[in-house]
1. Exactly one of these conditions fails for B:V213: (1) more than 19 Å from B:L59 (Cα to Cα); (2) out of contact with any helix residue (DSSP H, G or I) (no Cβ under 8 Å at 6 or more places or on another chain); (3) more than 14 Å from chain A (Cβ to nearest Cβ). Give me its number.
2. Would you be able to tell me the number of residues in region A:95-114 that are surrounded by 18 or more Cβ atoms within 10 Å (Cβ to Cβ) and within 12 Å of another protein chain (Cβ to nearest Cβ)?
3. Name the residue, out of B:A186, B:A173, that is of a type in the set (G, A, S) and either within 14 Å of another protein chain (Cβ to nearest Cβ) or more than 30 Å from B:L145 (Cα to Cα) (or both).
4. Confirm whether B:L86 is aliphatic (A, V, I, L, M), in a helix (DSSP H, G or I) and open to solvent by 30 Å² or more (accessible area, probe 1.4 Å).
5. If the Cβ limit is 8 Å and pairs must be 6+ apart or interchain, which residue in region A:133-151 that is among the acidic types (D, E) pairs with which residue that is not in a helix (DSSP H, G or I)?
6. For region B:91-188, please list each of the helices (runs of 4 or more DSSP H) lying entirely inside it that holds at least 3 residues being among the polar types (S, T, N, Q).
7. So, in region B:179-230, how many residues would count as being buried (at least 21 other Cβ atoms within 10 Å of the Cβ) and of a type in the set (D, E, K, R)?
8. Considering each of A:A284, A:A274, A:A260 in turn, give the residue that is loosely packed, with under 14 Cβ neighbours inside 10 Å and either of a type outside the set (S, T, N, Q) or at positive phi (or both).
Amino acid sequence: MITIDHLTKRYGSTLVVDDISFEVEEGTLTVVVGTSGAGKSTLLRMINRLVEPTGGRVLIDGEDTRTIPEDALRHRIGYVIQGYGLFPHRNVADNIATVPRLLRWDRKRIAQRVEELLDLFQLDPAEFAHKFPHELSGGQQQRVGVARALAARPALLLMDEPFGALDAVIRSKAQDDLLAIQRRLGTTIVLVTHDMNEAFHLGDRIAVMDQARLLQYAAPAELLMHPADDFVERLVGTAERPFRLLSLTKVQEVLEAGRAEGEPITASESLHEALSRLLWTGRAALPVADAAGAIIGQVSVGSILRHGRPLP
Amino acid sequence: MRPSSLVRLSALLLLVIFVTMPEAFAFLFEPLITPGAPAIYNQGSLFALTMQHLRTVCLATLASTLLAVALGIFVTRPSGAEFLPLSRSLVNIGQTFPPIAVLAIAVPLVGFGEKPTFVALFLYGLLPIFENTLTGLTQVPPTALEAARGMGMNAWQRLVQVELPLALPMILAGIRLSVIISLGTATIGSTVAAKGLGEVIIAGLQSNNIAFVLQGGLVVALLAVLVHDGLGLLERIAARKLGRSLDETP
């Protein structure tokens, strides 16, 4: 568990991070979102002490980070930045091996770990291990950047706009891949972004920041239904609110008996996806299939619409 | 074998044959001399002089490289940043001083022979290496440095594992420039009795023997071309690893 305790950063007379406290549960993905200049990157960089706090502290599993030597602390925390910062003079395998080498793992263990990670990120070791960063596409560079950050099995991963350099199509795929890997490894992630869609797509919890202050820290649905103030409400976007709410709920949760006509939708898809298919096909209901493809019921427009507004 | 490497190889071969048995080329130089004068330099072995020449240049460049790279590293650290303007002007002064003037000043201090030449070449060679080291180190992508810091590399590890390898092609280009300048400049060392190819040229000038001047000049020129080529090859290998195209390293 990460405890951020009254964290403050001041440059001269300017407050960049103003007395922020929140807790990140183990194994969850927390998104820090806000406009540019809100202080979210500074907040993130105080967790691995790339920026020294003016006040307050950060606890990792109850251990004050100030008691751990800087470099040792950073070996334990994965870090991914926008643009990834891959080392241009090292090939993919050597880039990924950076932290294990700093930790003086033996050669065999490093080679094993690199191969494991390349497999995990769907990069064929035979093809990619010896490529240099300039020979990779943007999406591949991004995956290598995350693989490198995860190399020494950190319990915590910090990501600063990790998808910022990707185009829209690759970005949503990369987001899904990150979620899958996070679920699989159980890594705690704190991710900074200015993109509200990304925050709702990824976050178990969302921290909204503006002008150095933390305005609200809550689960996505809570943020939609009970925004703490006008700013959060505007940021969430009133017009998109119902659709965001729908994208947080799975088809499974509104399943009803019946056998509708048409192409079935998988139970793990969101209501947002179901609604858009209903609109597009002009039907009133869709059959629902489980992961194996067997029809288990249907989902109708009416049941979806009931979930698109806050419960009384 | 590619044509370019063929040219390279034959130039090297020509040089080696010429300095080891210059007599074989006497017929080429005979038309240039007054009757009775020797056509081929006869006051010492061309091979020995070439080795001496190379030795002086190598030692001087090695010393310039050590100081210039160390200085370049120092002034790009946070603790050394305030010395940047100072070291820049010091190194620039080394370049603006004509080498012949350095010789004139150095002789009373260190005596005749190789030492004053070494001093002149050393000072003259600093600037290109220093400037290129600075450029190389300041061009390291900031994201790579940020990532290195974020992964827990300390300052030394960042320098050795990230900054220097990325600056290497630029530093090599500086060394190459410095060696080429020194190869030519070293000839004037012979005015203060340093052993080297300048001796051949000066002997030719004194006895009005154009063949000597030409021989000294040709050997220096061939050396310069070959060294330029060889070091250029090294740079390209270093740059290719970084995925840069060849034209980015001047």
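1. It is condition (2) that B:V213 fails.
2. Looking only at region A:95-114, we keep the residues that are surrounded by 18 or more Cβ atoms within 10 Å (Cβ to Cβ), and these are A:95-100, A:102, A:110, A:113-114.
If we keep only those that are within 12 Å of another protein chain (Cβ to nearest Cβ) too, we end up with A:95-100, A:102.
So the answer is 7.
3. Values: B:A173 fails: either within 14 Å of another protein chain (Cβ to nearest Cβ) or more than 30 Å from B:L145 (Cα to Cα) (or both).
Exactly one of B:A186, B:A173 is of a type in the set (G, A, S) and either within 14 Å of another protein chain (Cβ to nearest Cβ) or more than 30 Å from B:L145 (Cα to Cα) (or both), namely B:A186.
4. Values: aliphatic (A, V, I, L, M): yes; in a helix (DSSP H, G or I): yes; open to solvent by 30 Å² or more (accessible area, probe 1.4 Å): yes.
Against the criterion (aliphatic (A, V, I, L, M), in a helix (DSSP H, G or I) and open to solvent by 30 Å² or more (accessible area, probe 1.4 Å)), B:L86 qualifies.
5. A:E135/B:G243
6. Values: elements: B:99-110, B:114-138, B:142-150, B:155-158, B:164-185.
Once the helices (runs of 4 or more DSSP H) in region B:91-188 are filtered for at least 3 residues that are among the polar types (S, T, N, Q), what remains is B:114-138, B:164-185.
7. 1
8. A:A284
The values are calculated or read from the model by the stated rules, or taken from the named source; none is laboratory data. Everything numeric here is computed off the predicted structure, so don't read it as measured data. Cβ sites come from the backbone with ideal geometry, for glycine too, and all protein chains shown count toward neighbours. Surface accessibility is based on the protein's heavy atoms, side chains included, excluding ligands, DNA and RNA. Shrake-Rupley method; radii C 1.70, N 1.55, O 1.52, S 1.80 Å.
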